[in-house]
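**Q** Could you have a look at this structure, given as structure tokens, before my questions?
The values are calculated or read from the model by the stated rules, or taken from the named source; none is laboratory data. Remember, predicted model here, so these are calculated numbers, not experimental data. Don't worry about glycine lacking a Cβ; one is built from the backbone with ideal geometry, like all the others, and counts go over all protein chains shown. The accessibility values were calculated without ligands, DNA or RNA, using every heavy atom of the protein model including side chains. Shrake-Rupley method; radii C 1.70, N 1.55, O 1.52, S 1.80 Å.
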Amino acid sequence: MTKRFIFTWTLTILLVGGLTSCFASPAPDVLTSTTILADIARNVAGDQLVTQSLLPFGTDPHSYQPVPQDTKKINQSKVLIVNGADYERSLEPLLANAGDKKELIEASTGLRFLTDSENDQEVDPHLWLDPNNVIVYVENIREGLAQFNPDGADTYQANARAYISQLQELDAWINGQVAQIPPQRRVLVTNHDALEYFAQQYGFKVVGAVVPGFSSEASPSAQEMADLIDRIKLFEAPAIFLDAADNPSLAQQIATETGVKVVTDLHIESLTEGAPASTYIDMMRDNVTKIVEALK
């Protein structure tokens, strides 16, 4: 091997390495557990802080398996934002000691949690599906960021105020859309119990779920499947609503028995990279549009 070749190859490696480092994502100031929280946090932090999500787009937090890179992201970040309400169970080994080392913001602090009717120790973590709860998320994030960076407090306050106004407009828009559905058809069946906060806020009745409980990881028994089929017929539910990440096979079996439609493309646990749910507000608008179209 000639010296000229060695020099050329070494220079190539240096150039490629330099370019890679230039285009690599900067270490986050703020790391959130989910893409939904990342969008909410960005609306408060603005360009004052670099905000990233630990989980990638399209990931179901209920079934997520941490990877080695996650530890690096957590260690690099200065602020951690989690949903709370036991939502981050799969991340507990990674997050266990993080709160002692950096600012930890639990977005759902101060909100009333819904619980399982048969086990009040099991709480429903899907609070963000009511935009009024997200207003509280915003307030908690604003206060946490101001504590972390007092110099940015005025910016966080102004950003939060503007975003809360958008959330209030979203709430009004949802009410207007739901008004198109006849009251007797405001019936929801879901893959797992994820839409109860949404249902209570906007006048729906959740009559059942394919997978019992607040996590998509459980499995229904034959009796639970039979009971759900009976409830769908009793309440004349028009559709079963699934997150895009859900396996539709069980819902499709039930649809064969009952004749209901299966809506497979809601976005409940994660945003999308680009349309139709690239932001929290876009996600909610897309979900509501699909729910209204299926029920009205």
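**Q** Output the number of the condition that residue 212 fails; it satisfies all remaining conditions of (1) open to solvent by less than 20 Å² (accessible area, probe 1.4 Å); (2) without any contact (Cβ under 8 Å) to a residue 24 or more places away in the chain; (3) touching a Pro at 6+ places or on another chain (Cβ under 7 Å); (4) not β-branched (Val, Ile, Thr).
**A** Status for residue 212: all satisfied but (1).
**Q** When you scan region 225-238, do you find a residue that is over 28 Å from residue 65 (Cα atoms), without any contact (Cβ under 8 Å) to a residue 60 or more places away in the chain, part of a strand (DSSP E or B) and touching a helix residue (DSSP H, G or I) at 6+ places or on another chain (Cβ under 6 Å), even just one?
**A** no
**Q** What about residue 240, is it modelled with pLDDT of 95 or more, within 22 Å of residue 264 (Cα to Cα), more than 19 Å from the chain's Cα centre (by Cα) and surrounded by 19 or more Cβ atoms within 10 Å (Cβ to Cβ)?
**A** Criteria met by residue 240.
**Q** Let me ask something else. I'm trying to understand the selection: among the residues of region 157-176, which are within 13 Å of residue 137 (Cα to Cα) and either of a type in the set (Phe, Trp, Tyr) or open to solvent by 50 Å² or more (accessible area, probe 1.4 Å) (or both)?
**A** Result: 161, 163.
**Q** Determine if region 278-286 includes at least one residue that is in a loop (DSSP other than H, G, I, E, B) and within 18 Å of the chain's Cα centre (by Cα).
**A** Yes, because at least one residue in region 278-286 is in a loop (DSSP other than H, G, I, E, B) and within 18 Å of the chain's Cα centre (by Cα).
**Q** Can you tell me which of 206, 134, 138 is open to solvent by 10 Å² or more (accessible area, probe 1.4 Å) and either over 30 Å from residue 227 (Cβ atoms) or modelled with pLDDT of 95 or more (or both)?
**A** None of the others qualify; the one that does is 206.
**Q** When residue 194 is evaluated against the numbered criteria (1) within 16 Å of the chain's Cα centre (by Cα); (2) surrounded by fewer than 18 Cβ atoms within 10 Å (Cβ to Cβ); (3) small (Gly, Ala, Ser), which criterion, by number, is the only one it fails?
**A** Going through (1) within 16 Å of the chain's Cα centre (by Cα); (2) surrounded by fewer than 18 Cβ atoms within 10 Å (Cβ to Cβ); (3) small (Gly, Ala, Ser) one by one, residue 194 breaks only (2).
**Q** Can you tell me how many residues in region 91-123 are surrounded by 15 or more Cβ atoms within 10 Å (Cβ to Cβ), modelled with pLDDT of 95 or more and within 18 Å of residue 34 (Cα to Cα)?
**A** Within region 91-123, residues that are surrounded by 15 or more Cβ atoms within 10 Å (Cβ to Cβ), modelled with pLDDT of 95 or more and within 18 Å of residue 34 (Cα to Cα) number 4.
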